[in-house]
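S.K.: Mind having a look at this structure? Questions to follow.
The values are calculated or read from the model by the stated rules, or taken from the named source; none is laboratory data. Just so it is clear, the model here is predicted, and its values are computed rather than measured. Here Cβ is always computed from backbone atoms with ideal geometry, including for glycine, and neighbour counts include all displayed protein chains. Side chains included, ligands, DNA and RNA excluded: accessible areas come from the protein's heavy atoms. Shrake-Rupley method; radii C 1.70, N 1.55, O 1.52, S 1.80 Å.
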Amino acid sequence: MPHFEIHVADSSRAQAFYKGLFGWDFSAMPGGEEIGYVLIEGADIGMDKGVTAGMMLRTGAAPAAGSPVRGGTMTFDVKDCDASYAWALDNGGAEALPPMDYPGVGRCAYVEDGEGNIVGMISPLEEV
């Protein structure tokens, strides 16, 4: 089963950011307290959804804001790319790539999450 992890320095801040941006919920992972590990549940994330996720405390310094992509990027469906992008910027995120239309794909944008990670959002093309 695919699994991804988000590394953060401030777990409470990062959880609030991702809760607001994607509606995710978080729960402590039994045995993960020492490394600050929490499990992520969301509309498309969970044991019963084919992909699992976690958030853990970063083990070193975060990459400098505005630096090149410093790991994999994650992109998630959102209802309105522009509204989600604006929300992210108003809630501790920073511009990585503003919303753009991609023919045959949809509208996509990327933001820095305030924890040294880049996350993407996409509003897929509406089928007619």
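S.K.: Which whole-number percentage describes the relative contact order of the chain, with Cα contacts under 8 Å and a sequence gap of 6 or more?
M.R.: Rounded, it is 24 percent for the chain.
S.K.: Roughly how big is the chain's charge dipole about its Cα centre, with Cβ charges of +1 (Lys, Arg) and -1 (Asp, Glu), in debye to the nearest 20?
M.R.: Result for the chain is approximately 260 debye, rounded to the nearest 20.
S.K.: For every helix of n ≥ 4 consecutive DSSP H residues, a contribution of -39,500 (n - 2.57) applies; sum these over the chain, divide by its total residues, and give [θ] at 222 nm rounded to the nearest 500 deg cm²/dmol.
M.R.: Helix contribution divided over all residues of the chain: -5000 deg cm²/dmol.
S.K.: In the neighborhood of Ala53, defined by Cβ-to-Cβ distances under 12 Å, what is the net charge if each Lys or Arg adds +1 and each Asp or Glu adds -1?
M.R.: So the environment of Ala53 carries a net charge of -3.
S.K.: Residue farthest toward the positive end of the dipole of region 72-116, with Cβ of Lys/Arg at +1 and Asp/Glu at -1: which of Thr73, Pro103, Gly92?
M.R.: Farthest towards the positive pole: Pro103.
S.K.: Also: For every other residue with a beta carbon closer than 14 angstrom to the beta carbon of Thr73, add +1 if it is Lys or Arg and -1 if Asp or Glu, then tell me the sum.
M.R.: In short, -3.
S.K.: Tell me the accessible surface of Glu95 in square angstrom (1.4 angstrom probe, heavy atoms of protein chains only), to the nearest ten.
M.R.: 110
S.K.: If you don't mind, there's one more thing I want to ask. For the Cα atoms of the chain, what angle does the longest principal axis make with the long axis of helix 81-90, in degrees from 0 to 90, nearest 10?
M.R.: 50
S.K.: When all alpha-carbon pairs of the chain are counted, what percent fall beyond 22 Å?
M.R.: The proportion of pairs with Cα distances above 22 Å equals 36 percent.
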